[in-house]
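Reading through the structure tokens given below for one structure.
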Amino acid sequence: MTLTVAIASEFDPYDGEIYRYLLETVLRVTVVKWTGTFMFSGYRTVAKFAPAFLTAAAGHNIQHAILAVDNDGGARRRPEHAENHEPTVFALDDDDVCRECWLTQALPITWGASGGRSCVVVPVQVIETWLLAIRGDELIPTAEQKYNRSAIKKEFFGRQIPPLAQRIALAMHELQKPNALTILGERPSFNRFVNRLRSWE
């Protein structure tokens, strides 16, 4: 089975490919990534273009979408998502609200009403948080408390961030380990991702 998924992420060539692979692994289907003519650069563009992106996806008969941004807020601001968070009115420049609530509020009601299935993903703090967990690195303080985006990336890649192809290869090396999903299952942010995919089955 092949599933085409519209994927909007902060940096599609890297983040988008990781999410595509994770979808294949979790759903056990071949996943084709669709981005249309959209180019995303940073978290604000994902939220800003979400309505137009999902409308375009629906126009191509695509009914599944992943929208993913980093949190990069730590314990001081932008807390990790909790189910008791009160919904807020969406504001593009809101820099304090939990990013999962923030991005969810940016999604158009019409997408869900027309049968579209979306999944908002926010690894805490960045996607390398998950990769470090698989690799077995112990972050002190924990990644949920550590809020410096570049520091976490350097923990995984080293002082010099390598070229794109090498970054993808390093990420896939971790994600393809036999126990990768088991380890990721210990992270609340990854479990929320997987739980939201259950509505796709």
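The residues packed around GLN160, meaning those with a beta-carbon under 14 Å from its beta-carbon, carry a net charge of +3 if Lys and Arg are +1 and Asp and Glu are -1. Once a ≥ b ≥ c are taken as the square roots of the eigenvalues of the Cα gyration tensor of segment 38-78, is the result rounded (a/c under 1.5), prolate (a/b larger than b/c) or oblate (a/b not larger than b/c)? Verdict is prolate for segment 38-78. The residues packed around GLU174, meaning those with a beta-carbon under 12 Å from its beta-carbon, carry a net charge of +1 if Lys and Arg are +1 and Asp and Glu are -1.
In terms of packing, defined here as the mean over residues of other Cβ atoms within 10 angstrom, the peptides 161-167, 119-125, 97-103 line up highest first as 119-125, 97-103, 161-167.
Taking K and R as +1 and D and E as -1, what net charge do the other residues with C-beta under 15 Å from the C-beta of GLY136 add up to? In short, -3. Of all lysines in the structure, those lying under 22 Å Cα to Cα from LYS153, and not within fewer than 8 positions of it along the same chain, are LYS177. Here LYS146 is the anchor, and the lysines within straight C-alpha reach of less than 16 Å, apart from those fewer than 8 places off in the same chain, are LYS154. Taking the Cα centre of the chain as origin and assigning +1 to Lys and Arg Cβ atoms and -1 to Asp and Glu Cβ atoms, the resulting dipole is close to 340 debye.
Throughout, read-outs are computed from the coordinates displayed, never taken from laboratory work. Predicted, not measured: the structure shown is a model, and the values here were computed from it. Note that we place each Cβ from the backbone using ideal geometry, even for glycine, and neighbour counts take in every protein chain shown.
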